[in-house]
1. I need the full set of residues from the range 133-160 which are farther than 16 Å from Phe25 by Cα, surrounded by 21 or more Cβ atoms within 10 Å (Cβ to Cβ) and hydrophobic (A, V, I, L, M, F, W, C), in order please.
2. Mind telling me which of the residues Arg124, Arg117, Arg72 ends up being assigned to a loop (DSSP other than H, G, I, E, B) and not β-branched (Val, Ile, Thr)?
3. Provide a single number: the residues in the range 60-93 that are among the hydroxyl-bearing types (Ser, Thr, Tyr) and in contact with a helix residue (DSSP H, G or I) (Cβ under 6 Å, 6 or more places away or on another chain).
4. Could you list, in sequence order, the residues of the range 93-114 that are part of a helix (DSSP H, G or I) and either more than 16 Å from Ala75 (Cα to Cα) or β-branched (Val, Ile, Thr) (or both)?
5. Test each condition in (1) part of a loop (DSSP other than H, G, I, E, B); (2) free of Cβ contacts under 8 Å to residues at least 24 places away in the same chain; (3) not basic (Lys, Arg) for Gly44 and report the one that comes out false.
6. List pairs: first residue in the range 177-190 and farther than 20 Å from Glu149 by Cβ and free of Cβ contacts under 8 Å to residues at least 24 places away in the same chain, second residue surrounded by fewer than 22 Cβ atoms within 10 Å (Cβ to Cβ) and of a type in the set (D, E, K, R) anywhere in the structure, Cβ distance under 9 angstrom, at least six positions apart or on different chains.
7. If Leu65 satisfies every condition in (1) more than 23 Å from Asp170 (Cβ to Cβ); (2) assigned to a helix (DSSP H, G or I); (3) in contact (Cβ under 8 Å) with a residue 60 or more places away in the chain but one, which is the exception?
8. Suppose we keep only residues that are in a helix (DSSP H, G or I) and among the acidic types (Asp, Glu) within the range 1-41. Which one would you say is surrounded by the fewest Cβ atoms within 10 Å (Cβ to Cβ)?
Amino acid sequence: MIRKEDVRDRLRLNAELAERVLSSFIKDAVQTTGTEGVVVGLSGGVDSALATALAARALGPDRVLALLLPYRTSAAESTEDGREVAAQLAVETRTIDISPMIDAYFDENETDAEQLRRGNKMARERMGILFDQAKKRRALVLGTSNKTEILLGYSTIFGDNASSINPLGDLYKQQVWQLAEHLSLPKQVVEKKPSADLWPGQTDEGELGFAYRTADEVLYLMFDRGLSAGEVVERGYDTDVVTRIEQLERNNRFKRRLMLIARLSGSAINLDREIPRD
């Protein structure tokens, strides 16, 4: 029986192997699609920094475009950290301020919108720009959502969870930190409190109500090992935290699916038949 004290060791990453596999994944995706490279939204956080670093190693920095997409309330250090990561990796950057687009919509149409709606709109605006720039450059959009965020549904559908390829989607958050340290990314980027920077003072863990490391362990036991919520609690995890994590995972499963298509035939796309990958 796996014990609580064993879980963190199970989440210890073979960083050298992971780097090779994920770099190969990116290189293969670009080659098989006949595209020229990737574009990535570089937020100044560890996830986007790691995705950018892997792409630069896989393709060479000249085939990676990092887009900095701040809103007027975004923390200045987010842009500064993003630029430092780009400079370290020698990748091209472009900065596009999304404030005019966001403000034009809310100031004219939805003046009473709460922060969450505004944050979701920002995430979708950024992804729309990334796909437009990818079209311009004949590139793929590189995803930056990790496994913890995806399982919790801590993302905006058709926003930050939309991408052409995602090298981080099978890495729990603490594994992202491990690989980022292995690749010697800037210390302040690896160690900063995770935040989508959607409004001043916002942090992921503050909004979720629990620490990422706890979520990683609970999700690993439930998703990878097949334990029930009750069995996870029996191993010493807080009942309320486990219940909340279980509810988030269940309630947000729809975000992990492509469009839901009504079935009329015997071979509905995404329901009955998958075309093998190249």
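The numbers here are math on the coordinates, done by the rules we state, and not lab data. Model, not experiment: these values are computed from the prediction. For neighbour counting, all protein chains shown are included, and Cβ atoms are generated from backbone atoms with ideal geometry for every residue, glycine included.
1. Ala134, Ile150, Leu151, Leu152 - these are the residues of the range 133-160 that are farther than 16 Å from Phe25 by Cα, surrounded by 21 or more Cβ atoms within 10 Å (Cβ to Cβ) and hydrophobic (A, V, I, L, M, F, W, C).
2. Values: Arg124 fails: assigned to a loop (DSSP other than H, G, I, E, B); Arg117 fails: assigned to a loop (DSSP other than H, G, I, E, B).
Residue meeting the stated conditions: Arg72.
3. Here is the first cut: in the range 60-93, the ones among the hydroxyl-bearing types (Ser, Thr, Tyr) are 71, 73-74, 78-79, 93.
Restricting the remaining residues to those that are in contact with a helix residue (DSSP H, G or I) (Cβ under 6 Å, 6 or more places away or on another chain) gives 71, 93.
Qualifying residue count for the region: 2.
4. As a first pass, look at the range 93-114 and keep what is part of a helix (DSSP H, G or I): 99-109.
Those that are part of a helix (DSSP H, G or I) and either more than 16 Å from Ala75 (Cα to Cα) or β-branched (Val, Ile, Thr) (or both): Pro100, Met101, Ile102, Asp103, Ala104, Tyr105, Phe106, Asp107, Glu108, Asn109.
5. The single condition Gly44 does not satisfy is (2).
6. Taking only residues 6 or more apart or on different chains, the pairs are Lys187/Glu181.
7. Condition (2) is where Leu65 drops out.
8. Residues of the range 1-41 that are in a helix (DSSP H, G or I), as a first pass: 4-10, 15-33.
Of the ones still in play, those that are also among the acidic types (Asp, Glu) are 5-6, 9, 16, 19, 28.
Working: Glu5: 9, Asp6: 11, Asp9: 7, Glu16: 10, Glu19: 19, Asp28: 14.
If we take residues in the range 1-41 being in a helix (DSSP H, G or I) and among the acidic types (Asp, Glu), then Asp9 is surrounded by the fewest Cβ atoms within 10 Å (Cβ to Cβ).
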